[in-house]
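The values are calculated or read from the model by the stated rules, or taken from the named source; none is laboratory data. Only a predicted model underlies this, so the values are computations on that prediction, with no experimental measurement involved. Every residue, glycine among them, receives a Cβ derived from its backbone with ideal geometry; neighbour counts consider all protein chains shown. Accessible surface areas use protein heavy atoms only, side chains included; no ligands, DNA or RNA. Shrake-Rupley method; radii C 1.70, N 1.55, O 1.52, S 1.80 Å.
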Amino acid sequence: MTRVRLAALALLCAFSAAGQQRFPTSGVPQPAQSFAASDDATALSGNPAALGFSEGVLLEYAGARGYRAGMFRADGAYLSLARWGAALGTSLEWLHQGSQCTAVTPCSRRFTLGGALRGNVLSIGAAHHGFSSDETADLDHLGSWDVGALARPFRWLSLGYTALDVNAPTFGATRLPRRHVAALALRPVGERVTLAADATFRSCTSDGVPCGVDHPDWAFTGEARLARGLQLVGQLGFSDAGTFSGQIGLQVDLSHVGIRSAASFPGAGGTGSQLTVVRLSSARYPAVGIPGRRAVELDLDDALHRPSSGFVGVLFGKTHRDPLALTVEELHRLARDGTVDAVVLRSGGLPLGSGRSEELRSGIEELQAAGKKVAFYLESAGDLDYSVASAADRVYAAPQAVLAVNGFSATALFAAAGLDKLGVKAEFVRSGAYKTAPDVFTRSDMSGEQREVVNALLDDVYGRYVRRVSLARHLDEEKFRRLLDRGLLTPQEAQAEGLVDGLVYPDQLEQEVGKLIGAHVALKKIGTEPPAEKDPRWTRPPTIAVVRVEGDIARGEGGEDPLGIVEVAGSDSIARRIHRLTDDPSVRAIVVRIDSPGGDGNASDLIWRELVRAREKGKPVLASMGDVAASGGYYVAVAADEIYAEPSTITGSIGVFIGKFDLDELYRSLGLKLVTNKRGKSADLFSTARALTPDERRMMQGWVEAFYQQFVDRVAQGRRLSRERVDELARGRVWSGQQALERGLVDKLGGLREAIQAAKVRARIAPEDPVLLDDPGKREVSVGPALQLLPGALRPLPARAVRALSLLGEPGTLRAALPFDLEVN
């Protein structure tokens with residue numbers, strides 16, 4: 001190769017972007033790039049290990065342009081794909097000295113293939129560069145390798161090392177030196193500021209150029225977040241030869257599109273250039289908010305419906321996130337979205353109980369507190385639906401909507417008379433006059449104790465409902481009570497009485513929202529799936545795990561009954577999950593979400609113990625109650641540091657019972673006879689062929705009382721109350737969440753989101769910092785095929801019968817279950 005061409009090629013590569021010497025194997029210079037801070041496809045031009053920290057598919061363009069005609073220019077296209085800790089990348093770069101390729105101003109091309117593998121904090125990568133040129137044949141034979149490592153052990157620290165031209169390739173008659181880059185990046189104040197220092201060392205060759213660790217080139221890089229999606233970037237470079245250079249620029253991100261551009265100002269009389277990278281990504285980046293007015297519509301019928309698992313889900317145990325949790329999270333995101341002015345919620349009937357309805361209402365109140373206008377559209381509604389809707393700024397109804405806004409009722413089932421006709425005798429022992437769960441089998445009517453509790457609950461729920469709606473709709477409380485007493489109201493009557501603001505069809509909602517915010521807007525339909533936004537953190541956010549105790553508590557793995565009516569919370573699978581989370585150092589806190597009437601007392605105790613173990617090991621535990629967290633469900637909750645409940649959550653019921661059925665008369669009427677041989681006086685204690693003896697009844701009563709005393713001790717210990725005070729509140733009595741708060745059985749009113757926020761505080765996580773939520777969800781529980789054959793009005797009775805039988809559980813198990821199958825409608 002002639003000296004002229006070698007000099008020309010050296011001139012081609014003598015572009016300085018950061019005060020560091022460029023080599024024939026160098027690619028397109030990048031704006032303010034540090035070998036420790038980058039994590040995108042352009043890492044192929046720097047530290048290939050950084051590919052391991054990229055996400056999804058990235059397509060990027062990089063360009064460099066000198067400010068004067070005939071100066072260096074370069075273009076490059078980069079593509080990378082990252083998933084499951086592995087990444088592949090490729091790039092093609094064109095390097096030009098002048099406006100065209102000539103013998104004086106040669107151009108070259110660099111083709112790169114690279115990849116990386118990443119663990120939790122460490123990524124290693126390698127890249128191979130191949131070259132070609134229309135003017136310089138020596139480039140066609142040039143090939144170089146880069147290898148690198150990148151470690152991000154802490155949120156605030158990133159360490160990089162790269163060996164460039166590690167194979168010391170030969171360029172013409174010259175062997176190129178290896179270059180080693182050691183880089184360190186720090187984030188002293190979270191993700192708002194990044195400071196990096198890169199030192200490049202040249203291995204020693206026979207050309208006499210200063211080399212080794214005593215002659216480094218330095219680059220100091222800084223990034224400062226000015227606003228979401230907007231960063232100021234800069235770099236200062238100092239070479240061993242005494243020259244320096246600088247860059248200053250901006251990075252702007254718009255979700256899937258981003259641009260980073262910096263002006264370069266080389267020292268020692270050099271000319272500057274503009275360095276730019278444009279990014280297209282499959283992953284969403286934190287984006288600059290675009291000023292504008294938006295209105296969105298969320299269909300709650302779709303949002304709150306849990307997808308059916310289907311055959312594949314049943315076969316492989318597929319689960320789904322709780323749709324209410326996803327919905328509340330979406331309302332929280334909308335509250336923080338500065339581009340959203342109005343939210344329309346639409347429902348034909350909420351599949352929620354009273355407690356979870358209040359969680360949804362809290363989400364609406366958060367939207368309003370953030371300055372959003374909220375409209376609620378009712379296609380049909382009961383009192384729970386209307387209670388939620390009344391929180392909105394405007395309530396609209398379909399012109400022919402069925403508005404069953406007529407108050408609350410509680411219905412309990414009693415089957416003793418029917419069992420007598422069948423020749424079945426129910427034998428139960430219990431602790432506490434209010435532990436009335438066996439009454440469904442032993443009585444034909446409601447006891448005085450049960451009537452007292454039901455009326456107290458109805459008074460509490462109904463009173464708060466009347467006050468809440470009257471205040472929201474600016475109605476006199478007595479007037480609203482009279483409207484409820486009238487029963488069904490036509491939509492026209494509801495509008496005339498001030499319960500709704502207008503009767504409209506769905507296609508007219510956009511116009512009504514425009515009136516509400518005083519500007520025409522397009523109404524965009526949205527869902528509740530959280531956006532997969534790239535996290536700018538160098539390490540995974542801390543994890544808060546949600547453990548769900550939903551359904552009847554029983555030993556085993558859980559699932560649902562064969563008819564698909566009763567969901568079962570299996571203590572084995574729940575306890576195993578808590579044990580694993582306790583021993584996982586990445587999990588900073590546990591939130592146990594309880595929506596259960598209780599069940600097997602022993603199963604509840606096993607779950608309780610694992611939560612206590614978590615606290616003993618220093619892991620905060622918070623409890624969040626849904627519609628119901630009673631008896632065994634409350635037993636689990638008292639293991640927590642704090643308990644959150646909604647005002648209408650059904651809770652308490654501190655008590656226990658045990659029993660069996662005596663079917664001897666039924667067997668005889670059917671001509672059946674069971675003959676039992678035994679060793680041991682009570683070996684057939686739970687046989688259905690005989691009644692309990694007085695001694696056996698006394699023995700079982702003692703067993704029940706012993707468990708009850710343990711239950712009281714657990715509550716006294718967890719709630720920091722005296723045993724005497726707990727016993728006053730116990731005896732099987734049920735309370736609303738509001739009543740439980742007043743009596744010290746719960747700590748605060750709130751839902752799952754509030755419990756998670758409290759868990760962050762106890763885990764010493766800043767409120768504004770994101771967390772990973774480990775919440776696998778659960779399977780769908782649907783009405784069984786047999787019940788689907790019945791008319792809708794007839795389905796509740798057999799479903800209630802199945803739930804009543806589920807109270808018994810396995811023979812011989814102590815039952816800590818809700819004292820009656822309570823439905824408040």
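Could you give the angle, 0 to 90 degrees to the nearest 10, between helix 354-369's Cα long axis and the longest principal axis of the Cα atoms of the chain?
Long axis of 354-369 versus the principal axis of the chain: about 40 degrees.
Just grab the label-to-label distance for E616 and E493, each label 7 Å out from Cα along the Cβ direction, in nm (one decimal).
Going by the 7 Å Cα→Cβ label model, 6.2 nm.
Quick one: grab the alpha carbon gyration tensor of the stretch 404-551, order the square roots of its eigenvalues as a ≥ b ≥ c, and give me rounded if a/c is under 1.5, else prolate or oblate depending on whether a/b is larger than b/c.
Because a/c hits 1.5 or more and a/b fails to exceed b/c, the stretch 404-551 counts as oblate.
Starting from the Cα gyration tensor of the chain, multiply each eigenvalue by 5, take the square root, and state the resulting semi-axes largest first in whole Å.
The three semi-axes for the chain are 68, 32, 22 Å.
Fully extended, how many nm does the chain gain between T688 and R609 (0.36 nm per residue separation, minus their Cα-Cα distance)?
Net length gain for the segment: 25.1 nm.
Can you show me the helix-derived [θ] at 222 nm for the chain, built from DSSP H runs with n ≥ 4 at -39,500 (n - 2.57) apiece and divided by the number of residues, rounded to the nearest 500.
-8000 deg cm²/dmol
May I ask what percent, to the nearest 5, of DSSP beta bridges between residues of the chain are antiparallel?
75
Find the all-direction average of the projected area of the Cα convex hull for the stretch 367-484, expressing the result in square nanometres with one decimal place.
The Cα convex hull of the stretch 367-484, projected and averaged over all directions, gives 11.3 nm².
Just the ratio, please: alpha-carbon radius of gyration of the stretch 572-679 over 2.2 N^0.38 Å, N its number of residues.
Rg over 2.2 N^0.38 Å, computed on Cα atoms: 1.51.
Calculate the tail of P(r) for the stretch 190-303: the fraction of all Cα-Cα distances greater than 23 Å, expressed in %.
52
Give the distance, in whole Å, between the Cα centre of the stretch 601-659 and the Cα centre of the stretch 162-216.
58
Rounded to a whole number, what is D in µm²/s for the stretch 737-776 from Stokes-Einstein with the Kirkwood radius over alpha-carbon pairs (20 °C, 1.002 mPa s)?
183
Sketch the reach of a paramagnetic label on K525 as a point 7 Å from Cα along Cα-to-Cβ, and name the residues of the stretch 328-371 whose backbone nitrogen lies under 12 Å away.
Answer for the stretch 328-371: none.
Mind checking the per residue accessible area of the chain for me, 1.4 Å probe, whole number of Å²?
43
Calculated FRET efficiency, Y505 and N455, Cβ-Cβ r, R0 30 Å, to nearest 0.05?
Working from the Cβ atoms, E equals 0.10.
Against the longest alpha carbon principal axis of the chain, how many degrees, from 0 to 90 and to the nearest 10, is the axis of helix 694-719 turned?
Helix 694-719 sits roughly 40 degrees off the main axis of the chain.
Give the peptides 116-125, 592-601 in descending order of average Cβ contacts within 10 Å, highest first.
Those peptides, ordered most packed to least, come out 592-601, 116-125.
May I ask you to compute the full-extension gain from L422 to D583, defined as 0.36 nm times their residue separation minus their alpha-carbon distance, rounded to one decimal in nm?
Separation in residues times 0.36 nm, less the Cα-Cα distance, equals 52.7 nm.
Of all the accessible heavy-atom surface of the chain, with the other protein chains kept in place and a 1.4 Å probe, what percent is carbon and sulfur?
Heavy-atom surface of the chain belonging to carbon and sulfur, 1.4 Å probe: 57 percent.
Between N406 and A532, what FRET efficiency follows from the Cβ-Cβ distance if R0 is 41 Å, with the result rounded to 0.05?
FRET efficiency, N406 to A532: 0.40.
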